[in-house]
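Just below is one structure, and these are the notes that go with it.
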Amino acid sequence: MSNSSSVSEFLLLAFADTRELQLLHFALFLGIYLAALLGNSLILTAVACDHRLHTPMYFFLLNLALLDLGCISTTLPKAMANALWDTKTISYQGCVAQVLFIVFFFDAEYSLLTVMAYDRYVAICKPLHYGSLLGSRACAQMAAAAWGSGFLNAVLHTAITFSLPLCQGNAVDLFFCEIPQILKLSCSGAYLREVGALVFSVSLVFGCFVFIVVSYVQILRAVLRMPSSQGRHKAFSTCLPHLAVVSLFLSTGIFAYLKPPSISSPSLDLVVAFLYSVLPPAVNPLIYSMRNTEIKHAVRKLFEYIFLQQK
């Protein structure tokens, strides 16, 4: 993946110029990162250790927690290191790796959220066929398809992006490397290859979005036909966390990439990038555990076990 412009490193955008604010940002990022690690690790451990959570919904939730750990670990540690050591640089290879893993984890997460919408649709609209449509083999295949599609898409976009000659310097206007920022540095007209690949990816994203919307329209119709208010409440309670995660994921991403150019500025772009790259992985564990008694019970049992082991 050589580049004719011979760029050896990129300059990332700093959150602050003064040393005191840099250290403050480091402490803030460290707290958010540790909270995300703890929350997602607790969900991973709880689902893996509690046999009552060995169901399709929680299997997909386990995969979501893994992807969230990958998402936040791709961007935040480098930002923390730069803030701590008062530097802005990232190597060319490091930038390539960031782009590869960001596209991989975000694409795989979006695909997985689409699969999770299908899981909720089958559970509520076709409960008698749930076991046959979402057996362990089918769940493993759908999860593997989500991870695999994300990886293939990431390799494609990363290879095309970093094959372009760079003529506009090496300053990236974000705290991490991403495709739109690298395209801004490419020579005029050279980015058209990547634009073609992006159009294809946007089409797939839109297709997944339509699938999620149609699934929830069918779910809503099925829930409203339920005679029992208790049944309706239970159905809504299993769907609301997923719907909240999808809404957070899409709203931050859409605002980041489709906001009007008239309101764009480096500081706003920095805040928006922080929101869509850091907020969902950090908040998702809280969303899924807030109203989920099974997750709460499993985490409580996990802490009790750890406490008893220390006695």
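Hey, could you get me the Stokes-Einstein D for the stretch 257-311, Kirkwood radius over alpha-carbon pairs, 10 °C and 1.306 mPa s, rounded to whole µm² s⁻¹?
110
Choose one of Leu84, Ser163, Tyr216: the residue whose Cα lies farthest towards the positive end of the charge dipole of the stretch 9-310 (beta-carbon charges +1 Lys, Arg; -1 Asp, Glu; about the Cα centre).
Positive-end residue among those listed: Tyr216.
Can you sort His242, His25 by solvent-accessible area, 1.4 Å probe, largest first?
His25, His242
At q = 0.13 Å⁻¹, what log₁₀ I(q)/I(0) does the chain have when each alpha carbon counts as one equal point scatterer in the Debye sum?
Once normalised to I(0) and log-transformed, intensities are -1.01.
Got a sec? Charge dipole of the stretch 9-310, +1 on Cβ for Lys and Arg, -1 for Asp and Glu; which of Thr293, Gly148, Leu243 is way out at the positive end?
With unit charges placed on the Cβ atoms, the residue in question is Thr293.
So for the stretch 78-188, considering every pair of alpha-carbon atoms, how many percent are separated by more than 18 Å?
61
Using only C-alpha positions, report the orientation-averaged shadow area of the convex hull of the stretch 145-214, nm², one decimal.
That works out to 5.6 nm².
Would you calculate a helix-derived [θ] at 222 nm for the chain, using -39,500 (n - 2.57) for each DSSP H run of n ≥ 4 and dividing by the full residue count, to the nearest 500?
-27000 deg cm²/dmol
Based on alpha-carbon centroids, what's the gap between the stretch 1-66 and the stretch 166-182 in Å, whole number please?
Centre-to-centre distance over Cα atoms comes out at 21 Å.
How do Phe15, Phe274 stack up against each other in accessible area, from largest to smallest, with a 1.4 angstrom probe?
Order by accessible area, largest first: Phe15, Phe274.
If the viscosity is 1.002 mPa s and the temperature 20 °C, what Stokes-Einstein diffusion coefficient in µm²/s follows for the stretch 1-139 when Rh is the Kirkwood radius over Cα pairs?
D = 120 µm²/s.
The values are calculated or read from the model by the stated rules, or taken from the named source; none is laboratory data. It should be emphasised that the depicted structure is a prediction, and the values quoted were computed from it without experimental measurement. Neighbour counts are summed over all protein chains in view; Cβ atoms, including those assigned to glycine, are modelled from backbone coordinates with ideal geometry. Please note that ligands, DNA and RNA were not included when accessible areas were found on the heavy atoms of the full protein model with its side chains. Shrake-Rupley method; radii C 1.70, N 1.55, O 1.52, S 1.80 Å.
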